[in-house]
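Enquirer: I'd like to ask you about the structure that follows.
The values are calculated or read from the model by the stated rules, or taken from the named source; none is laboratory data. These numbers were taken from a predicted model, which means no experiment stands behind them. Note that each Cβ is placed from the backbone with ideal geometry, even for glycine, and that neighbours are counted across all protein chains shown.
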Number of protein chains: 2
Amino acid sequence: MKIEILNTGSELLLGTTLNTHGRWMGQQLFKLGLRVARQTTVPDGDAIRGALDEAVRRADVAIVTGGLGPTSDDITREAASAVTGTELIEDEAALRSLEAFFEKRGRTMAPDNRKQAQVPVGAEVLSNPNGTAPGIYIPPRLNGAANCAIFLLPGPPRELYPMWEAEVVPKLRSLSGGDVLANLAQLSLAMVGESDVHQELDADLAKIAGLEVGYCARLGEVDVRLIGSDDAVKEGRARVLSSFSENCFSEAAESLEQVVVRQMAEHGLKLATAESCTGGLIASRLTDVPGASAVLTHGWVTYANEAKVSQLGVSETDLADHGAVSEPVARQMAEGALRVSGADLAVAVTGIAGPDGGTSEKPVGTVFIGLARRGRETEVSRQLHPRDRHGFKRMVSQSSLDLLRRAVAEKAARSSGL
Amino acid sequence: MKIEILNTGSELLLGTTLNTHGRWMGQQLFKLGLRVARQTTVPDGDAIRGALDEAVRRADVAIVTGGLGPTSDDITREAASAVTGTELIEDEAALRSLEAFFEKRGRTMAPDNRKQAQVPVGAEVLSNPNGTAPGIYIPPRLNGAANCAIFLLPGPPRELYPMWEAEVVPKLRSLSGGDVLANLAQLSLAMVGESDVHQELDADLAKIAGLEVGYCARLGEVDVRLIGSDDAVKEGRARVLSSFSENCFSEAAESLEQVVVRQMAEHGLKLATAESCTGGLIASRLTDVPGASAVLTHGWVTYANEAKVSQLGVSETDLADHGAVSEPVARQMAEGALRVSGADLAVAVTGIAGPDGGTSEKPVGTVFIGLARRGRETEVSRQLHPRDRHGFKRMVSQSSLDLLRRAVAEKAARSSGL
């Protein structure tokens, strides 16, 4: 099944916004055993019409993102109508749901928004609980120009992603029909570099007949995706785990923070965070997970030294003698957070995010991570993540969450008598 | 001058690699007053031939990246030769420079690399000091199929970027000849919906001759981009500001948190945050900005009620009587943060992120935001952001940062006697 992706949006071509849809859809389609044959980006406005007209002649499925907004340069609906030779009419259900969206937010719907309820005759409306633009599915039989199924989807990820799961995936499955869906295993590995994973696994995985391997690296984690026959996937999975079982935090596409919150909740554990260089990112990632309130009780962002002293009881002498970025300060921050909060575990970070503040002894990227646990010795690890500010914060939060995950796993192993 | 970009590489479509070439080239071209009319990604192998053939018929300039390597699926050279009807011959200078590249590294050149010295007759070789693949420039007059200039460039950024500066930019300047450089204004507006911006501005901006308008919406903010003649941009900018001057937080593509940190640092103001429902996101956004340590001293993530009481002095009676998500609790959190930290301003948020915990009186999405200032009455605003957890946290952090921005602007206006 030949699939083309069309992204509309002048901001994607003016260099102001990075187009992440190509990668994201490539990943989603790969999970279904499907591939992208071509991806095209055009500016807002007329260009989508020509690009869509070309795509439907080449492809079996054309997936368009963007251009469904209320303004004059949002003309994806009109383009699809012209290309398929179908008339646009107002869809009552879509209009109701638009009105409800505004009503729920106590706002009046602008007249321009009304055009967002227009749909080619015979097309299907894909509901959008997270925005005003409903998606549209135009089945192949309605397409005057070619035998191509067309999806019109909103551009913003927070609207696109849920619609993809709920509406697009089932339709793609049925469109791909006889295409055999491959077995899939996805192993998420924390705190290991992509090149190390390649170095360690590539040659061995390549020898497994009928196995396709995909990697997806984010900062501080790598997903290894295995697709193929039942046996091939099983053998590949065993190979990955033989090298990286300790790094593997999920085989169910969970985020690291989801795993930490779920496991701590399962064990009835309470957590406190004390952050300097990450500035609240660890707590923020944890509280992205529904139900985090059952686990995280207290968090501190002790950016100033005075805050470390007054809030967490860090010794002024140690601050003066060793500096804020030091082993004793990380230790005292973690222990202070544990003591003040009454939690079972506390994690503390203090480091140099940069761009300034580094020394030859403690260069930019240096961080001390403290892990305090009720009734156990506090552990402090020193790490170096010489990256830009965002990258540094992300790596330190990742490493901290992974330490928490390992601590909970260890506790679980102990309490079950292992 | 109509420019199309073609990127080749299967990894870009399998979701393993993010395609950053589109954004990067968009930025580079914009600096020259040029735009990208279309960007296309195709897998390695045959697909580039069809895509290039289509592009040269539409565009004045086609810029291809990737597919210049030594392997069998690197066929960009062959595709360009076929599309333009020119023969490939071995270029002696290119071969010498290839050999020199390997020699310098003490490696023997593999026979496959020799094909990298092949160039269409009459094309120009663009030297690549950072890799084995030389670039190729095929001027329009050589193009059999259409009057389109073609650049074939290497994919890896470390090879592409220097070649772009040294070889591509001068040629683009001469190709674009008399094209006038466009003026650009970008106004970033906070806490206003995209549809409200359209409703208010579209009709008026459309009347300004020679003005192109682009919008880019993120959650809680909209960029309005104006491109055109000097006068048109000036007039458009004035029109935007006549409606949204209070919402406009940057005309220099700064983030809201950058503006808050910069302005507070300029006024020597210290800040504390007290977060419940945002779980540290406000502090984390602020600390994404280099130099945030000059501004943010203390942050609390008082997720548990007990933390609100013990850390910020929130009244247990008020928590019991009004609930954690209430006006008095937001007020006391802000005032507690101000008192304990000794800062000049403190912002506090308490709300219901969901998916659970809503009531008919306080539905999911309800939030109280408190702003405490030294020597002034504390202000608490109640807002409703009924979104998913990520969206809710983002909107509340956005609203909080915008309140801080306005408070600093107000202070600046007062102290300058306005």
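Enquirer: Within segment A:220-241, does at least one residue satisfy the condition of being touching a Lys or Arg at 6+ places or on another chain (Cβ under 8 Å), in a loop (DSSP other than H, G, I, E, B) and surrounded by 19 or more Cβ atoms within 10 Å (Cβ to Cβ)?
Expert: Scanning segment A:220-241, I find at least one residue that is touching a Lys or Arg at 6+ places or on another chain (Cβ under 8 Å), in a loop (DSSP other than H, G, I, E, B) and surrounded by 19 or more Cβ atoms within 10 Å (Cβ to Cβ), so the answer is yes.
Enquirer: Report, by residue number, each residue of segment B:34-83 that is closer than 21 Å to A:ARG49 by Cβ, acidic (Asp, Glu) and without any contact (Cβ under 8 Å) to a residue 40 or more places away in the chain.
Expert: The answer is B:GLU54, and nothing else.
Enquirer: Determine which single condition B:SER276 fails, assuming it passes every other condition in (1) more than 8 Å from chain A (Cβ to nearest Cβ); (2) in contact with a Pro (Cβ under 9 Å, 6 or more places away or on another chain); (3) of a type outside the set (Val, Ile, Thr).
Expert: With (1) more than 8 Å from chain A (Cβ to nearest Cβ); (2) in contact with a Pro (Cβ under 9 Å, 6 or more places away or on another chain); (3) of a type outside the set (Val, Ile, Thr) applied to B:SER276, the lone miss is (2).
Enquirer: Which one is surrounded by the fewest Cβ atoms within 10 Å (Cβ to Cβ) among residues in segment B:328-378 that are free of Cβ contacts under 8 Å to residues at least 24 places away in the same chain and within 19 Å of B:MET264 (Cα to Cα)?
Expert: B:GLY375
Enquirer: Another one. Tell me, which residue of segment B:35-47 that is over 21 Å from the mean Cα position of the chain (by Cα) and at pLDDT below 90 is nearest to the other protein chains (Cβ to nearest Cβ)? Break it down stepwise before answering.
Expert: Step one: of segment B:35-47, the residues over 21 Å from the mean Cα position of the chain (by Cα) are B:42-47.
From what is left, the residues that are at pLDDT below 90 are B:43-46.
On the way: B:PRO43: 7, B:ASP44: 12, B:GLY45: 11, B:ASP46: 11 Å.
Applying the filter and picking the extreme gives B:PRO43.
Enquirer: Could you list, ordered by first residue, the pairs with Cβ atoms under 7 Å in which the first is in segment B:115-127 and farther than 14 Å from B:GLU87 by Cα and in contact (Cβ under 8 Å) with a residue 40 or more places away in the chain and the second is surrounded by 17 or more Cβ atoms within 10 Å (Cβ to Cβ) and aliphatic (A, V, I, L, M), at least 6 apart or interchain?
Expert: B:GLN116/B:LEU68; B:GLN116/B:LEU98; B:GLN116/B:ALA133; B:LEU126/B:ILE136; B:LEU126/B:MET163
Enquirer: If you go through segment A:288-299 one residue at a time, do you hit one that is under 26 Å from B:ALA324 (Cα atoms), out of contact with any strand residue (DSSP E or B) (no Cβ under 7 Å at 6 or more places or on another chain), within 7 Å of another protein chain (Cβ to nearest Cβ) and of a type outside the set (Gly, Ala, Ser)?
Expert: yes
Enquirer: I'm trying to understand the selection: among the residues of segment A:2-34, which are closer than 13 Å to B:THR41 by Cβ and more than 7 Å from chain B (Cβ to nearest Cβ)?
Expert: Within segment A:2-34, A:ILE3, A:GLU4, A:ILE5, A:LEU6, A:ASN7, A:HIS21, A:MET25 qualify.
Enquirer: Based on this model, can you work out whether A:GLU246 counts as among the charged types (D, E, K, R), outside any strand (DSSP E or B) and assigned by TED's automatic domain parsing to the domain that holds A:ALA206? Write out each step before concluding.
Expert: On the way: among the charged types (D, E, K, R): yes; outside any strand (DSSP E or B): yes; assigned by TED's automatic domain parsing to the domain that holds A:ALA206: yes.
Yes: the conditions hold for A:GLU246.
Enquirer: Okay, moving on. Out of B:ILE89, B:ILE75, which single residue is away from chain A (no Cβ under 14 Å), more than 20 Å from A:ARG38 (Cβ to Cβ) and β-branched (Val, Ile, Thr)?
Expert: Exactly one residue qualifies, and that residue is B:ILE89.
Enquirer: If B:LEU205 meets every condition in (1) touching a Gly at 6+ places or on another chain (Cβ under 7 Å); (2) within 13 Å of chain A (Cβ to nearest Cβ); (3) on the phi > 0 side of the Ramachandran plot apart from one, which number is that one?
Expert: Every listed condition holds for B:LEU205 apart from (3).
Enquirer: Residues B:LEU189, B:LEU142: which one is out of contact with any Pro (no Cβ under 6 Å at 6 or more places or on another chain), outside the structural domain of B:VAL396 (by TED's automatic domain parsing), among the aliphatic types (A, V, I, L, M) and at pLDDT below 95?
Expert: Among B:LEU189, B:LEU142, only B:LEU142 is out of contact with any Pro (no Cβ under 6 Å at 6 or more places or on another chain), outside the structural domain of B:VAL396 (by TED's automatic domain parsing), among the aliphatic types (A, V, I, L, M) and at pLDDT below 95.
Enquirer: Out of the residues in segment B:300-318 that are in contact with an Asp or Glu (Cβ under 8 Å, 6 or more places away or on another chain) and within 19 Å of A:ILE282 (Cβ to Cβ), state the one that is nearest to the other protein chains (Cβ to nearest Cβ).
Expert: B:VAL301
Enquirer: Further, regarding this structure: How many residues does segment B:272-302 hold that are in contact (Cβ under 8 Å) with a residue 60 or more places away in the chain and within 20 Å of B:ARG373 (Cα to Cα)?
Expert: Residues meeting the conditions: 7.
Enquirer: Looking at B:VAL340, B:VAL349, B:VAL325, B:VAL329, which is the one that is in contact with a Ser or Thr (Cβ under 7 Å, 6 or more places away or on another chain), under 15 Å from B:THR273 (Cβ atoms) and at pLDDT 95 or above?
Expert: Selected residue: B:VAL349, the only one of B:VAL340, B:VAL349, B:VAL325, B:VAL329 that is in contact with a Ser or Thr (Cβ under 7 Å, 6 or more places away or on another chain), under 15 Å from B:THR273 (Cβ atoms) and at pLDDT 95 or above.
Enquirer: All but one of (1) crowded, with 17+ Cβ neighbours inside 10 Å; (2) of a type in the set (A, V, I, L, M, F, W, C); (3) modelled with pLDDT under 85 hold for B:LEU181; which doesn't?
Expert: Result: B:LEU181 passes all but (1).
Enquirer: Report yes if some residue within segment A:366-378 is out of contact with any Cys (no Cβ under 6 Å at 6 or more places or on another chain), among the charged types (D, E, K, R) and closer than 20 Å to A:LEU281 by Cβ; otherwise report no.
Expert: Checked against the condition, which is being out of contact with any Cys (no Cβ under 6 Å at 6 or more places or on another chain), among the charged types (D, E, K, R) and closer than 20 Å to A:LEU281 by Cβ, segment A:366-378 yields no hits at all.
Enquirer: On to the next question. Can you tell me which residue within segment A:48-72, out of those that are within 19 Å of B:ARG225 (Cα to Cα) and surrounded by fewer than 21 Cβ atoms within 10 Å (Cβ to Cβ), is farthest from the other protein chains (Cβ to nearest Cβ)?
Expert: Filtering first and then ranking leaves A:SER72.
Enquirer: Can you report the number of residues in segment A:108-123 which are buried (at least 16 other Cβ atoms within 10 Å of the Cβ) and away from chain B (no Cβ under 14 Å)?
Expert: 4
Enquirer: With more than 30 Å from A:THR17 (Cβ to Cβ) and free of Cβ contacts under 8 Å to residues at least 12 places away in the same chain as the only criterion, which of A:SER245, A:SER229, A:SER176, A:SER195 stands out?
Expert: A:SER245
Enquirer: Report whether or not A:ALA283 is of a type in the set (A, V, I, L, M, F, W, C), within 14 Å of chain B (Cβ to nearest Cβ) and more than 25 Å from A:VAL192 (Cβ to Cβ).
Expert: In short, no.
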